[in-house]
Amino acid sequence: MLSQPLSSYKVLDLSRVRAGPTAVRQLSDWGAQVIKIEMPKNNSDDDDKIDTSDYQNIQRNKRSIAINLKHDDGIRILKQLVSTTDVLIESFRPDVKHRLGIDYETLRQVNPRLIYASISGFGQTGPYQKRPGYDQIIQGDDETAYLQHLSDCYNRDIAATSRIQPKRVTAEYGSDLSLSCTFPEEDSDKTIVQWLYQNSTDYHSNHRSNKIYWRPLFLNSQLLTSIETRYSIQQKSQQTNDTSVTYSTILTLAKVTESDEGLYMCKSLSPKLIQMTYQVRVIQSLDITPKQIIIPADELGQYSIRLNCILTDNHTGRRHEIHWWHNNKRLGTNSNRHARITKNSTQHSFISTLFYTGEPANIAGSYICESDPLRKSVSVHLEANKSSGIILNFNKNK
């Protein structure tokens, strides 16, 4: 049987928990002769883990010996092992190994050839060198735990969001979309606002599994996702009166695609409040036809025009609401006797047709076709042309 690459090397493993034992396991898997130094029973944090499969996995291919390094006899035994060892790996805090007398400068006097590897959470020097490097501590220091706490808060509050009807927002493919929420500002230094979202894939998966997962986007002005660069945030404070100030945060999605569809939530933690939830749907286009109508000059009395608002959506079966406005007044069959609105749909199109009847002068003005917040408008002007007709010019705007 061929020997393994590291079979001629002896390693002492004084490490604990995760990082060190995992590193040494790589050496033992390649054949190194590893002896793990363990604390006597009832003196080790690992006592309740020894029989677990996880512990057995990271300690595999190692022999072990229990040594109490707080006693002189234990240090004497360790130095005897060091004298014939090639590599020692430890994960004590820097001050601990010096206090025990097993630091590199001390042990190199026993074995000058010794390779001494140290693993610590905050390095061997610096202001935090004495701090332990457990996973929970690292998460607390880099705010991972705090962000997870925020996410947990949102997930617990999801029952509240289910009672809040999301505002439906329509975005045109390739356009920019802005979402905003505004709330009273009590103390700008303590204001914490986060934007989160569930895309359509998350939304359907959540409903199938009965679990809720919100992806973080922004914490105040800090972007929390590194894979999406089309998002930006803008924050504004406005004095509404002598005593009141409002704080607004505006999330902008540049060049939206169908992958941006889903729920977007703006939540303030001061006060703790879900301020606004949007349901974003992306369509291919919204348009008005025709672009021009000519009314003969000799027309007297009532005259009718017809406008078509065409919404194109690649998704089938979705309902859309289209509204008409004339000179800033909402039009409806029941609210305006001059207007009649019909609806029709095909597999990928939703068409709202406006029939408007009245005197030519009353027909003039601005017409808006709206699928909130998308708006397409035309301006109607009465002009005398060479044929003594009246031309209604439609200028398309978003």
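Just so it is clear, none of the values below were taken in a lab; they were calculated from the coordinates. Just so you know, these numbers come straight off a predicted model, no measurement behind them. All Cβ positions, glycine included, derive from the backbone under ideal geometry; neighbour counts span all protein chains shown.
Quick one: of 36/130; 97/130; 291/376, which pairs are farther than 18 Å apart, Cα to Cα?
Working: 36/130 24 Å; 97/130 11 Å; 291/376 12 Å.
Among 36/130; 97/130; 291/376, the Cα-Cα distance tops 18 Å for 36/130.
Under 5 Å between amide H atoms, partner at least 5 residues away or on a different chain: which partners does residue 167 have, H built in plane at 1.01 Å?
Long-range HN contacts for residue 167: 277, 278, 279.
Work out the FRET efficiency for residue 236 and residue 54 from their Cβ-Cβ distance, taking R0 = 56 Å, and round it to the nearest 0.05.
About 0.65, to the nearest 0.05.
Can you work out the Karplus-derived ³J(HN,Hα) for every residue in segment 345-358? Use 6.51 cos²θ - 1.76 cosθ + 1.60 with θ = phi - 60°, whole Hz, and x for glycine or proline.
9, 10, 4, 10, 9, 10, 10, 10, 10, 9, 9, 10, 10, x
Karplus couplings for segment 64-70 from phi (6.51 cos²θ - 1.76 cosθ + 1.60, θ = phi - 60°), rounded to Hz, Gly and Pro as x?
Each residue of segment 64-70 in turn: 9, 8, 8, 9, 8, 6, 8 Hz.
From the phi angles alone, apply the Karplus equation (6.51, -1.76, 1.60; θ = phi - 60°) to segment 117-125 and give each ³J(HN,Hα) in whole Hz, x where the residue is Gly or Pro.
My calculation for segment 117-125 gives 10, 10, 10, 8, x, 10, x, 8, 9 Hz in order.
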